[in-house]
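Everything below concerns the one structure shown next.
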Amino acid sequence: MSKSKLAIIGGSGLYDVEEFEDRELLDIPTSWGKPSDKILKINFKNKEVYFLPRHGRGHYINPSNINFRANIDALKQLGVTDIVSVSAVGSLKEDLPPGKFVIVDQFIDRTFARNKTFFDDEIVAHVSMANPTSNGLMNACEESIKKENIDYKRGGTYVVMEGPQFSTFAESNLYRSWNADVIGMTNMPEAKLAREAEIRYASVSMVTDYDCWHSDHENVDVQQVIKVLLANAAKAKNMIKNLIENFEKYIDPKDPTTNCLDVAIITTPEKRSQKTKEKLKFVAGRVLNK
């Protein structure tokens, strides 16, 4: 079995993990353009780990303008097998207050202005998203969070809105009526693309506010969000250290993500041009080059 490699994708407020001393910044070109920023390569306790700030260092990339395809392709090139997303979200439930972590296991994708697939030219693939996150990786996240005594919830539905504006009051209450747990702007199409690239994915969401439905949070503002994020930054970084140490023991060799393209590509071989196969060589080379 090939060696497992972990990548962390950091969201708002998490742009670096300065505590790691053995570090190298990598500039990885892709067929889909440039990733959000240079990818930080870390060596920690004899493990090679990667960190990518989703919005770029300094937070200069709008959620709708994140090059999700380049981000996932670049990580695939580096041999990444597992991705943990750490994201800022708003809460849609009273029992998920600011500061609480949620290990997300479902998504509702409400985005509409993003490229959502690697398979949009000549080669068509339909991967299953019924269970979009890896159970083994979620187990690793849970152990890592528990070790830091962080208040958390295991399991939850994340509504992904387009943004960059926050919700209207009506939208916020609509999502609450769906029994969704948290709302954010970035885990889609990231999770879909990770699945297409056969990379296991898990999402740890850090609640920063109650969205606008709550009487105490009618006007969500960035300063309020960042204040809560910074308060949790140290815990998040310790969680990452724990993840690096423990994630491999939770890897499930039967996880369907690892070979999902075997039953996803529908295009007949004679219709697959060499040019398109070359473009997809990192994401889908395992199946296209058979």
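Key figures
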read-out	value
Failed criterion for Asn43 (all others in (1) polar (S, T, N, Q); (2) surrounded by 20 or more Cβ atoms within 10 Å (Cβ to Cβ); (3) modelled with pLDDT under 95 hold)	(2)
In the range 225-253, residue surrounded by the most Cβ atoms within 10 Å (Cβ to Cβ) [restricted to those that are modelled with pLDDT of 90 or more and of a type in the set (Lys, Arg)]	Lys241
Selection within the range 15-40 - assigned to a strand (DSSP E or B) and either modelled with pLDDT under 95 or out of contact with any strand residue (DSSP E or B) (no Cβ under 9 Å at 6 or more places or on another chain) (or both)	Arg23, Thr30, Gly33
Any hit, the range 4-12, residues being farther than 17 Å from Ala194 by Cβ and either crowded, with 18+ Cβ neighbours inside 10 Å or not hydrophobic (A, V, I, L, M, F, W, C) (or both)	yes
Unmet requirement for Trp178, which otherwise passes all of (1) of a type in the set (Phe, Trp, Tyr); (2) touching a Phe, Trp or Tyr at 6+ places or on another chain (Cβ under 9 Å); (3) at pLDDT 95 or above; (4) more than 28 Å from Lys237 (Cα to Cα)	(2)
Qualifying positions in the range 152-182 - assigned to a loop (DSSP other than H, G, I, E, B) and under 16 Å from Trp213 (Cβ atoms)	Met161, Gln165, Phe166, Ser167, Thr168, Trp178, Asn179, Ala180, Asp181
Of all residues making up the range 48-92, the number that are in a loop (DSSP other than H, G, I, E, B) and either crowded, with 20+ Cβ neighbours inside 10 Å or touching a Gly at 6+ places or on another chain (Cβ under 8 Å) (or both)	8
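The values are calculated or read from the model by the stated rules, or taken from the named source; none is laboratory data. Quantities reported herein were computed from a predicted structural model and do not represent experimental measurements. Reconstructed Cβ throughout: ideal geometry from the backbone, glycine too, with neighbour counts over all protein chains shown.
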